[in-house]
Amino acid sequence: MMRTVYVLLGASAILAWLTLPTEAAKTYHYSERVQRACANDYHAHCGEYGIETSGLRLCMKKAGQRLSRGCVNALVADGQVSRAEVERRKRTAR
């Protein structure tokens with residue numbers, strides 16, 4: 001009886017682990033507009049990261065103040081970042 005409980009708990013834990021998406025494995029889709037507008041920024045700041053990866057998303061977030069206006073506008077238009085967040089970052093950067 002006790003062995004069955006341990007087997008079921010172990011199986012449940014493995015299943016939960018396999019079905020939960022991890023941040024590292026998560027992918028992000030960027031529109032063609034964002035890809036075109038941010039191509040130079042990508043190569044200048046985050047070229048070592050794969051397209052549509054969480055690493056790229058984090059890198060671009062860290063590069064925020066150095067991103068071109070066209071890239072930022074495309075990210076806002078695509079819903080990747082809000083205008084309020086862009087303005088908040090501008091205020092805190094000064």
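The values are calculated or read from the model by the stated rules, or taken from the named source; none is laboratory data. Note that the structure is a prediction, hence the values are computed from the model and not measured. Here the Cβ is made from the backbone with ideal geometry for all residues, glycine too, and neighbour counts use every protein chain on show.
For the stretch 44-68, what are the residues that are charged (D, E, K, R) and more than 12 Å from Val34 (Cα to Cα)? Spell out the reasoning first.
First, pick out the residues of the stretch 44-68 that are charged (D, E, K, R): 48, 52, 57, 61-62, 66.
Within the stretch 44-68, Glu48, Arg57, Lys61, Lys62, Arg66 meet the criteria.
Can Arg57 be described as touching a residue at least 12 places away in the same chain (Cβ under 8 Å) and farther than 15 Å from His29 by Cβ?
Values: touching a residue at least 12 places away in the same chain (Cβ under 8 Å): yes; farther than 15 Å from His29 by Cβ: no.
In short, no.
Tell me, which residue of the stretch 39-69 that is of a type in the set (D, E, K, R) and in a loop (DSSP other than H, G, I, E, B) is surrounded by the most Cβ atoms within 10 Å (Cβ to Cβ)? Before you say what the answer is, go through the steps one by one.
Taking the stretch 39-69 and keeping what is of a type in the set (D, E, K, R), we get 41, 48, 52, 57, 61-62, 66, 69.
Subset that is in a loop (DSSP other than H, G, I, E, B): 48, 52.
Details: Glu48: 8, Glu52: 13.
Out of the qualifying residues, it is Glu52.
Which residue is nearest to His29 (Cα to Cα), if the candidates are limited to the stretch 70-94 and must be aliphatic (A, V, I, L, M) and assigned to a helix (DSSP H, G or I)?
Kept after step one, since they are aliphatic (A, V, I, L, M), are these residues of the stretch 70-94: 72, 74-77, 81, 84, 86, 93.
Still in the running and assigned to a helix (DSSP H, G or I): 72, 74-77, 84, 86, 93.
Numbers: Val72: 16, Ala74: 13, Leu75: 11, Val76: 14, Ala77: 14, Ala84: 22, Val86: 20, Ala93: 28 Å.
Restricting to residues being aliphatic (A, V, I, L, M) and assigned to a helix (DSSP H, G or I), the top hit is Leu75.
Which residue, of Val7, Val34, Val72, is out of contact with any Ser or Thr (no Cβ under 8 Å at 6 or more places or on another chain) and at pLDDT below 60?
Val7
With Arg88, Arg69, Arg36, Arg83 as the choices, which residue is of a type outside the set (Ser, Thr, Tyr) and touching a residue at least 12 places away in the same chain (Cβ under 8 Å)? Full working, then the answer.
Working: Arg88 fails: touching a residue at least 12 places away in the same chain (Cβ under 8 Å); Arg69 fails: touching a residue at least 12 places away in the same chain (Cβ under 8 Å); Arg83 fails: touching a residue at least 12 places away in the same chain (Cβ under 8 Å).
The conditions single out Arg36.
Select from the stretch 62-86 the residues that are under 15 Å from the mean Cα position of the chain (by Cα) and of a type in the set (Lys, Arg) and list them in ascending order.
Lys62, the sole residue that qualifies.
Which one of the conditions (1) touching a Lys or Arg at 6+ places or on another chain (Cβ under 7 Å); (2) modelled with pLDDT of 95 or more; (3) surrounded by fewer than 16 Cβ atoms within 10 Å (Cβ to Cβ); (4) not hydrophobic (A, V, I, L, M, F, W, C) does Tyr28 fail to meet, given that it meets all the rest?
Only one criterion is unmet by Tyr28, namely (2).
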